[in-house]
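Here is the structure we will look at.
The values are calculated or read from the model by the stated rules, or taken from the named source; none is laboratory data. As the structure is a computational prediction, the values presented were derived from the model and not from experiment. We place every Cβ from the backbone using ideal geometry, glycine too, and count neighbours over all the protein chains shown.
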Amino acid sequence: MPDSFKISTLTAERTRKQERSDFISFLSKYYYTPYYYEDLEEAYSNLYFYPHKLGYDFFDAYCKMLKSYKSKKVIIEYVNDSSFQAFAAYSNSGCGNYISISAGVPTLLQAVYHQVITVKNPFATTHGGFDDVSLGEVRFPIDVFQFVDDSLSFKQAFQKLIHETLPNEKWQRVMSTIMAEISLAFIVSHELSHIFLGHTYLNSKCGNNLLNEVRYKNRNKSVGKWVSQAWEIEADQMAVSFLYNYMFVDESRQKRFKKHLKCKNGETGLIQLLSRVVYALSITFFIFSQTQRNVKSTDSHPSALVRVVYIISQLMTVFFHHHPKIDENKVERSLQLAHEQAESAWNQLGFEFGYKSYKETIDDLNLSVNQLERAKRRIARFAENAAWK
Ligand SMILES: [Zn+2]
């Protein structure tokens, strides 16, 4: 979990009480209630505390980066919702910017990584590729209550799931926690990016307050699907750059990630760490897009495959900016392998990625990427004035 946090002035200024009543009144319009984790036992509440804190730290870092933070605020909270989702929102009243993460998210991620890492060391070099694995028995639902007895409360259900999936070895527990940290850091960064890029503001102007991370078909009020999909790609790209800065730029933090994710030193270790990021983000997208079966998506979010393609390319762009002398082909091969290893692990948990592993619709990839690029260019001009309202 993250290094010792320095509470910034911005964070210290926040009064929890005011924040919470603000958040509760905002949520009540959408029939959500907040999920508080403070009364959980410590080992378990940390699962929620660290990403939450990380969200605020990231917000402060984003503000400083954009030199525009004096009057900006955000409220980040978990909500009583068992599914795997998150949303970002803008509102004229109260705090203005809201990020909400389903209470199921940290638990499901942790449980998935427990399972993945229990099955095998995901980064073993003797890996046999992904075509030769048969589907395993373990199944992870998009909604945690599909997995556990529905007579249990959220808290009981989540604790049961974590308990049942806990691996035996300490290195496995540490590694799965670090992988979950990468996923959660990306998710919270992605939501912050929606706010900083002005998507939530524009969305609210269209009469639609929540930018939801699960697909939403048949919305009455919404921006077009291509605009919405391009927003997702933009938020992913900003989040990836931010995640890179978080993990790689600060040396002590980079060292911590390398140590727990069993990376070597030097150039090899750097490429390994970058590959672990691709692995974690691939798994995150497999979970998020369990309902999306085709490369060419017709709803608010692009398919996982398209998003991962953009993410790998963005990660490489940022990486070579910092390390222009490292062999591009070597990095590309390593990242592609990491994505395939993630798909293999996902298969072993009993899932297929996309409709018949996307193989039938892979021809749509170019088309989808081209359409998204055009949509991105179209909205860039339009969005410029809206960022940071
Ligand atoms: Zn999004």
Which numbered condition S241 fails, given (1) more than 17 Å from D57 (Cα to Cα); (2) over 12 Å from the mean Cα position of the chain (by Cα): (1)
Members of region 83-113 found to be more than 16 Å from the ligand (Cβ to nearest atom), surrounded by fewer than 24 Cβ atoms within 10 Å (Cβ to Cβ) and of a type outside the set (A, V, I, L, M, F, W, C), listed by number: S91, N92, S93, G94, G96
Hits in region 43-88 - residues which are among the aliphatic types (A, V, I, L, M) and over 15 Å from E19 (Cα atoms): A43, L47, L54, A61, M65, L66, A86, A88
Residue within region 158-168 that is of a type outside the set (D, E), buried (at least 20 other Cβ atoms within 10 Å of the Cβ), assigned to a helix (DSSP H, G or I) and modelled with pLDDT under 85 present: yes
Flag if K53 is within 13 Å of V188 (Cα to Cα), in contact with a Phe, Trp or Tyr (Cβ under 8 Å, 6 or more places away or on another chain), among the basic types (K, R) and more than 16 Å from the ligand (Cβ to nearest atom): yes
Every residue from region 187-208 that is within 11 Å of the ligand (Cβ to nearest atom) and closer than 12 Å to V223 by Cα: H199, T200, N203
Within region 212-328, helices (runs of 4 or more DSSP H) holding 1 or more residues that are within 15 Å of the ligand (Cβ to nearest atom) and at pLDDT below 95: 225-244, 266-288, 304-322
Residue within region 247-260 that is of a type outside the set (V, I, T) and buried (at least 22 other Cβ atoms within 10 Å of the Cβ) present: no
Condition met for Y37 (at pLDDT below 85, more than 19 Å from the chain's Cα centre (by Cα), under 17 Å from L197 (Cα atoms) and in a loop (DSSP other than H, G, I, E, B)): no
